[in-house]
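Enquirer: Structure incoming, see below.
Please treat every number below as a calculation from the coordinates, not as lab data. This structure is a prediction, so every number in the text was calculated from the model and none was measured. Cβ sites come from the backbone with ideal geometry, for glycine too, and all protein chains shown count toward neighbours.
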Amino acid sequence: MANLPDGRLVSWSAFLAEGFVPTPGNYTVSAVFNPITGEFFDSNNSAHDMFCAGVTLLEDGTVLATGGNSTVRYSSRFNLDTLQWESTAPMNSPRWYGTNVTLGNGKVFSTFAQGAEEFGEMYDPVTDSWVNLPGTDMRTLSVEQAGVNARSNDMGTGQWYAYMHVTPDGKVYHPGPTETMHLFTTEGQGDVEQLGPTPLDRKHIQYGTSTNFSPGKLLVTGGEDLTYIPNGATNEAMIVDLTTAKPTARKIDSMHRTRAFHNAVVMANGEIIIIGGNGNGILFNDEDTRLDSEIFNPDTETWRLAQPISVPRNYHSVALLMKDARVISAGGGLCGEGCYVNHLDAQIYTPGYLLNQDGSLADRPEITELPDAANPGEDIQLQTDHEVSRFTMIRLAGTTHGINTDQRFMDIEFSANDNGSGYTLNLEDNPNILIPGIYWVFALNSEGVPSVGAILKIKVLEQ
Ligand SMILES: [Cu+2]
């Protein structure tokens, strides 16, 4: 599932709406959903089976989906004008369960995946072409994955999505789920440096989450280590600091619940909500399901339980922040028609920041004027209908399997204009932090109530 700039969402499943089959890899059931009106329309892809594809958003908000069932090279983009999928240049390697990450220059690094060569490749959206990066050697990931699968307690899968994030100095950091962490360079032929191991007790935390919740900061949560006895998911969490010369990871307080297959969403105030997952770490399984949500406060580094969901959201479930600052939690399953863990529905979470003390909806400030687009480092003028005391911005995102490499939250430095009219916002100047793409800017009043997100495109800096 991915955000569209107007607030709608595009979702997709596989060759079938409720299941996947080995296919020539050329069809996906897909639909666009309007969360305000509840309306759907079909946007099926008749050229590419995007089941377990890599997903990331480009500079103009276009959704790029690459690879997928059954280990294909196909690549597609979701055209924001026609609201339909169209083919893009195929990758050099077939990739199933690959992770994509958009870099500060607007290109996409596509990494470690089933069926792929032992190195990554890079997509240039301007030329619609792929180039191999043979120096981004991923053999340690394959070797560790194979080792874990060999020692596995038989609950899991051989397929791992890798967590990948851009560092402030433009490298790509990989905090797992292998024990060894990696730092990739994507310039020239590419390069790799091994880091690690992680500070967690469980070392191979597949199907956890990794979230860029602040410039240069990651929150990694949960997942399962198939070699660990007793079986099951972990509640461990760590914070990674990417602003140091070499990324440093430290263990923090654990979540209230053990979880695998959950989702993590940064909200408009910078807190992170963790939704769903199960405690047993078993694929396609709603036993031991986690209905309680929990919220991480990045200032105090503490966890608190939040409103529960009522529908299990496990393997193949998704969650995203929406334009109106609420959170959608959806899907799960895809194990064939009638499979009891298929959940073809969604629930929407209203964060506490949208409510008064008595539970009624709070009055929200509104952003009435801002530019359409800006460069990193630019000062922009913005008007609101009420006085506000904080501005934040979040990049629109695509997500699959709990992986969301697009998600980026930051506070924006600002000052009130002397003439009493509006605000001047000083945008982050580092394009490796302010990755090109479409963002929602939120204005928060003194009570912390956010506006609806206003669209701001961050452009690729001219070289
Ligand atoms: Cu999958």
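Enquirer: Under 17 Å from a point 7 Å along the Cα-to-Cβ line of His256: which residues of the range 353-370 have their amide N that close?
Expert: From the range 353-370, the list is 353.
Enquirer: A further question on this structure: State the extension gain, in nm to one decimal, for the chain segment bounded by Ala31 and Asp6, taking 0.36 nm per residue of separation less the distance between their alpha-carbons.
Expert: Extending this stretch completely gives an extra 7.5 nm.
Enquirer: Which angle between 0 and 90 degrees, to the nearest 10, do you get for helix 139-151 versus the longest principal axis of the chain when only C-alpha atoms count?
Expert: Computed tilt is about 60 degrees.
Enquirer: Which whole-number percentage describes the relative contact order of the range 1-100, with Cα contacts under 8 Å and a sequence gap of 6 or more?
Expert: Once normalised by length, the contact order is 21 percent.
Enquirer: Would you calculate the separation in nanometres between label points at Thr248 and Asn430, each defined as 7 Å from the Cα along the Cα-to-beta-carbon direction?
Expert: Result: 1.5 nm between the two label points.
Enquirer: Separate question: Provide the gained length on full extension for the span Ala373 to Ser129, in nm with one decimal, where the gain is 0.36 nm per separating residue minus the Cα-Cα distance.
Expert: 85.3 nm
Enquirer: Then there is this: On a 18 Å Cα-Cα criterion, which of the cross-link pairs Lys171/Lys323; Lys107/Lys171; Lys217/Lys323; Lys203/Lys251; Lys107/Lys457; Lys217/Lys457 come out too long?
Expert: Beyond 18 Å between Cα atoms: Lys171/Lys323; Lys217/Lys323; Lys217/Lys457.
Enquirer: Determine, from the Cβ-Cβ distance of Ser152 and Asn419 and an R0 of 60 Å, the FRET efficiency 1/(1 + (r/R0)^6), rounded to the nearest 0.05.
Expert: 0.40
Enquirer: Let me ask you something else. Given that compact globular proteins tend to follow 2.2 N^0.38 Å, what is the ratio of the alpha-carbon Rg of the range 92-144 to that value?
Expert: Normalised by 2.2 N^0.38 Å, the Cα Rg of the range 92-144 equals 1.09.
Enquirer: Taking a Cβ-Cβ separation under 4.7 Å as the criterion for a possible partner, which cysteines of the chain have none?
Expert: Cys with no partner Cβ under 4.7 Å: Cys52.
Enquirer: Still on this structure, I have one more. Subtract the Cα-Cα distance of Gln189 and Asn297 from 0.36 nm times their separation in residues, and report this length gain in nm to one decimal.
Expert: This chain segment gains 34.9 nm when fully extended.
Enquirer: Something else: Order these peptides, 175-184, 231-240, 342-351, 295-304, by their mean beta-carbon neighbour count within 10 angstrom, highest first.
Expert: Descending mean neighbour count gives 175-184, 231-240, 342-351, 295-304.
Enquirer: Using only alpha carbon pairs under 8 Å that are at least six residues apart, calculate the relative contact order of the chain and give it in whole percent.
Expert: Relative contact order comes out at 13 percent.
Enquirer: Would you compute, from DSSP H runs of 4+ residues alone, the mean residue ellipticity of the chain at 222 nm, taking -39500 (n - 2.57) per run and dividing by the full residue count, rounded to the nearest 500?
Expert: -1000 deg cm²/dmol
Enquirer: Mind ranking 117-123, 43-49 by how tightly packed they are, going by the mean number of other C-beta atoms within 10 angstrom, highest first?
Expert: The peptides rank, most packed first, as 117-123, 43-49.
Enquirer: At R0 = 45 Å, how high is the FRET efficiency between Asn231 and Ala17 if r is their beta carbon distance? Nearest 0.05 is fine.
Expert: With a Förster radius of 45 Å, E is 0.90.
Enquirer: 7 Å from Cα along Cα→Cβ at both Glu337 and Glu287: what's the point-to-point distance in nm?
Expert: For the pair Glu337/Glu287, the computed spacing is 2.8 nm.
Enquirer: Follow-up. Could you grab the relative contact order for the range 365-419? Cα pairs under 8 Å, six or more apart, rounded to a whole percent.
Expert: Computed over the range 365-419, the figure is 27 percent.
Enquirer: Ranked highest first by the average count of other Cβ atoms within 10 Å around their residues, in what order do 372-381, 421-430, 308-317 fall?
Expert: Ranking, from highest mean packing down: 308-317, 421-430, 372-381.
Enquirer: May I pose another question? What residues from the range 344-387 fall in the zone where the backbone N is under 15 Å from a label point 7 Å along the Cα-to-C-beta line of Glu447?
Expert: Only 351-366, 386-387 fall inside the zone, counting backbone N under 15 Å.
Enquirer: Continuing with this model, one more query. Compute the FRET efficiency between Asp345 and Asn79 as 1/(1 + (r/R0)^6), taking r as their Cβ-Cβ distance and R0 = 30 Å, and round to the nearest 0.05.
Expert: 0.65
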